1. Between residues in segment B:62-86 that are charged (D, E, K, R) and residues that are surrounded by fewer than 16 Cβ atoms within 10 Å (Cβ to Cβ) and outside any helix (DSSP H, G or I), which pairs lie under 8 Å by C-beta distance while being six or more apart or on different chains?
2. Of the residues B:Trp13, B:Trp78, which is in contact with a Phe, Trp or Tyr (Cβ under 8 Å, 6 or more places away or on another chain), more than 7 Å from chain A (Cβ to nearest Cβ), at pLDDT 70 or above and within 30 Å of A:Ile258 (Cβ to Cβ)?
3. So which residues in segment A:272-286 are under 25 Å from A:Ile36 (Cβ atoms), crowded, with 17+ Cβ neighbours inside 10 Å and without any contact (Cβ under 8 Å) to a residue 60 or more places away in the chain?
4. Quick check, is A:Ala89 of a type in the set (Gly, Ala, Ser) and farther than 17 Å from A:Asp207 by Cβ?
5. Would you mind telling me which numbered condition in (1) surrounded by fewer than 22 Cβ atoms within 10 Å (Cβ to Cβ); (2) closer than 25 Å to B:Trp13 by Cα A:Leu264 fails?
6. Scan segment A:140-163 and report the pairs whose first residue is in contact (Cβ under 8 Å) with a residue 40 or more places away in the chain and whose second residue is among the charged types (D, E, K, R) and assigned to a helix (DSSP H, G or I), with Cβ atoms within less than 8 Å and a gap of 6+ or a chain change.
7. So A:Leu178 clears everything in (1) at pLDDT 95 or above; (2) in a helix (DSSP H, G or I); (3) out of contact with any Pro (no Cβ under 9 Å at 6 or more places or on another chain) except one condition, right? Which one?
Amino acid sequence: MSTSQPVAQRVTPEPKATPVPPSLGRDLIALTKPRIISLLLVTTAAPMYAAGEPSIWTVLLVMLGGYLMAGGANAVNMYLDRDIDDVMARTRLRPIPSGRMTPQQVLAFGVACAAAATWLLAWYVNVLAAGLALAGFYFYVFIYTRWLKRSSPQNIVIGGAAGAFPPLVGWAAVTGSLDLIAVTLFLIVFYWTPPHFWALALMKQHDYGRAGVPMAPLVWGERETMRQMLWYTVILFFLTLLPWWVGAFGLLYLASAIVLGALLFGGIVQMIRAANAGTPWSGPAWWVYKYSLLYLALLFVAMAVDRALAR
Amino acid sequence: MLMSVAVYDLLFWSAVALCVIAQLFILKAVFFPAPLPLDGPAADGRAAGRLRPASRPLEMAWVVLPAIGLALVFWWAWDMRHPDAAVGTAVAVINTVGGTVS
């Protein structure tokens, strides 16, 4: 990547806004960010099957509770970020900046979702699962959104802990406790988050710059961010092998972790090579962003399948 | 998979060594940061006063905490596979400390 080449020519253009007919139901669903939550639900459900043999009723309840908690956190996030959502092209069409909902309505919806999730999980699953889900909510709202997002390039690193709570919730829902494997799953999601979000941040850095959000590419530069993605992926790779090493998962999981991890590593290396050669790197960056979503989902599914086959 | 304990342990320590190297590079980026980019959105954001400098001690804490967590998880995993060795090490430490004190 040459520094003389304007960044605007390298990043992917913003998607054009498409008119959507207003609908309260559609807006309420949009507030929960369902596309993001779908991955959270995979990282909640798969550990449940890895931890034991839960009933379909328990799984459905945890999914519903998890959706409401994460959806509530996302709605409160939109309330707190309403000033910068209007500045960024990626978020301009959200219900508050577009004027379809008032900030108070969004806040009330988010808090109501979180309260319902806490009650549901505590009453029908167990208090530990409810407490962990609520801790994830508070972490996302207060530590990430309120504190770190606008003050530190480590926002995604530490904020990633909020997204790492779902495996703990799933594990606790089945076992009623936490152990090494549960904590390792937490760390796997934690170390997965920076390479995933920094790939997006590299492509949307103009947006983040306009909004004053100090994402890593804006503070450290593009090359250093890419190098950091690589180091986090190295740790992630070996962390994913740890459950096999302690005997929690078998060969199917080991093979999946190696192949999936090698592909992620290869994608990041390709992005860095393109940047170093001065050729456009937004293609490889998009690939890393999209593949990292698939990576996490498949890794967690491999855990559940591995344990199911071993029984 | 049937492998000798020595091979398992070699794999473990190789993974630990590579994670330590990667973690050191992560720490280096915060403790010894490279010069800030002179052009692009970073420079534009700083010039417009939109990007505020972060607190250095907090930045350092944010990278040290996960490193500690990672070390604890590796220690926990080692302890899980070698419970006797870990207890033996702990007893030896206690004896050494006790011997020094007495």
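1. B:Arg81/A:Gly247
2. Details: B:Trp13 fails: in contact with a Phe, Trp or Tyr (Cβ under 8 Å, 6 or more places away or on another chain).
Criteria check complete, one pass: B:Trp78.
3. A:Pro284
4. Working: of a type in the set (Gly, Ala, Ser): yes; farther than 17 Å from A:Asp207 by Cβ: no.
Answer is no for this residue.
5. (1)
6. Qualifying pairs under 8 Å: A:Ser152/B:Glu59; A:Pro153/B:Glu59.
7. Condition not satisfied by A:Leu178: (2).
Residue-wise test of (1) touching a Cys at 6+ places or on another chain (Cβ under 7 Å); (2) modelled with pLDDT of 90 or more; (3) within 8 Å of another protein chain (Cβ to nearest Cβ).
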residue	(1), (2), (3)
A:Lys204	no, yes, no
A:Asp207	no, no, no
A:Glu222	no, yes, yes
A:Met226	no, yes, no
A:Leu239	no, yes, yes
A:Trp244	no, yes, no
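The values are calculated or read from the model by the stated rules, or taken from the named source; none is laboratory data. If you're wondering where the values come from, they're calculated on a predicted model, not measured in any experiment. A quick note on method: Cβ atoms are made from the backbone with ideal geometry, for glycine too, and the neighbour counts reach across all protein chains shown.
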